[in-house]
Every structure is written in structure tokens, then in C-alpha cells.
Amino acid sequence: MRGCSPIPPHLCAGRSPARLGARYLRKISQGNQAPPLRVPHPRRNFCRTGQAMEHNAKHAWEMISKLDICTLVSKGEQGFTGRPMSSIPRPDQQAIYFISVANSPQIAEISAHPTVFLAYGDGAKNFLSTEGDATISTDRELIAELWNPGAQAFWPEGPEKAPVSVITVTPRRGEYWEGYNAAVSAAKFVFALATRTKAEMGENRTFRI
């Protein structure tokens, strides 16, 4: 977040200037002493929201780095297709990289429809989804920079000769769900049943990058 920008007061806390003004005049017409007319400070409210979104985005990058495997969904002629991929996140570059077979169907799909969807999950308690724009590169220097043991296992010929391309995804926005471990979740579930209240099973947050 590069800083906080003012926003119109009518966007703050649902209190429009017209509504505040009408309330002010109504007090006067009823013979009451006019209360101080206070308008929410737009910069302060916006900063609070901006700080929360910045925190969520930072935490989202931490989750992406830990989850590693995701389903990359692209749009083809027959509709949407998801494929499991090992991601290479670079938070400092605001990008997620994938090494893919150069002539794979998803390369053609992304070239025609750059918007993609990524779905991460550990199968237990942590899940994250994000959408963004994808680009394709065959730059050998970039391929060598991203090369890792997993890629070497798939393409033993190495980064110089492997028939691969790099998919670069720039996330725009997304959402994550972060739960508790099994013991804590079970305890909260039992407590909710005993007290007839809704079980608190974790956090759900949105983010923008």
C-alpha cells in the first residue's frame, strides 16, 4: 500500500452529507439545541481499511508460499479446465510463476484468454483462491532462474534445452480461508453443539494485490 488517499465523506460509514444535514436541520426545527455537526474523517476510515487489506495481502503471500501446489484454471474452447501445478511465488515481484510444457493446451488457452484462476488448499484447514492476468515467456534466463529440483525431475535435459515455457500470473484479488488444527476445530464444534451457537471454524478474508 503506497499510502492513503482521501475518499468522499458520503462513502464513510454509510453516513451521507445529505443525511447528516437533514438530521441537523430537523433538530433545529424541533426547537432543540443544534448538536455539533460531525462528519467522519474520510482519510482515517480509508487508512484503516487500507491497512487491513495490506495485512491480508501480505498474509495471502505467506499462505501461497507454504501451500505450493495449486489448480490453475484457464479458459479454452470447451470451457474452463483446471490443472494441478507447482507454483513459484515471488512476493517481491507481485508475481506467481509456473514452469509448463511449451506446447501444452493451457499455453494456447492462456494466450487466447489471459485471465486465470488459481485455487490453493492443503486439504485440511487452509484454502486460498485468486484471479489474475497471465503471460507466457520462453526467456531462457528466466527459466534458468526459476529452475528447481522438481523441474529437473520432469525435464532431465535441464533449463537450457527443456521444451518449457514460463507462465507468469499477476494476482489482482482473492480470498482465503484459514482454519484451526483438528483438535481445536473439534473442541469448537463440540462447544457450539453444547451451547447451540454457531461454530467458529476459522477466518475468511479477502485481499487485493
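Things to note:
- Selection count where residues are farther than 18 Å from VAL73 by Cβ and among the hydrophobic types (A, V, I, L, M, F, W, C), scope segment 100-112: 1
- Filter result (free of Cβ contacts under 8 Å to residues at least 40 places away in the same chain and at positive phi) within segment 90-105: none
- Residues located in segment 123-139, provided they are among the aliphatic types (A, V, I, L, M), part of a strand (DSSP E or B) and over 21 Å from ALA108 (Cα atoms): LEU128
- Condition met for GLY158 (loosely packed, with under 15 Cβ neighbours inside 10 Å, modelled with pLDDT under 95 and not in a helix (DSSP H, G or I)): no
- Any hit, segment 91-110, residues being at pLDDT below 95, over 13 Å from the mean Cα position of the chain (by Cα), surrounded by 13 or more Cβ atoms within 10 Å (Cβ to Cβ) and outside any helix (DSSP H, G or I): yes
The values are calculated or read from the model by the stated rules, or taken from the named source; none is laboratory data. Keep in mind the model is a prediction, meaning the values are calculated, not measured. Heads up, the Cβs are rebuilt from the backbone with ideal geometry, glycines too, and the neighbour counts pull from every protein chain shown.
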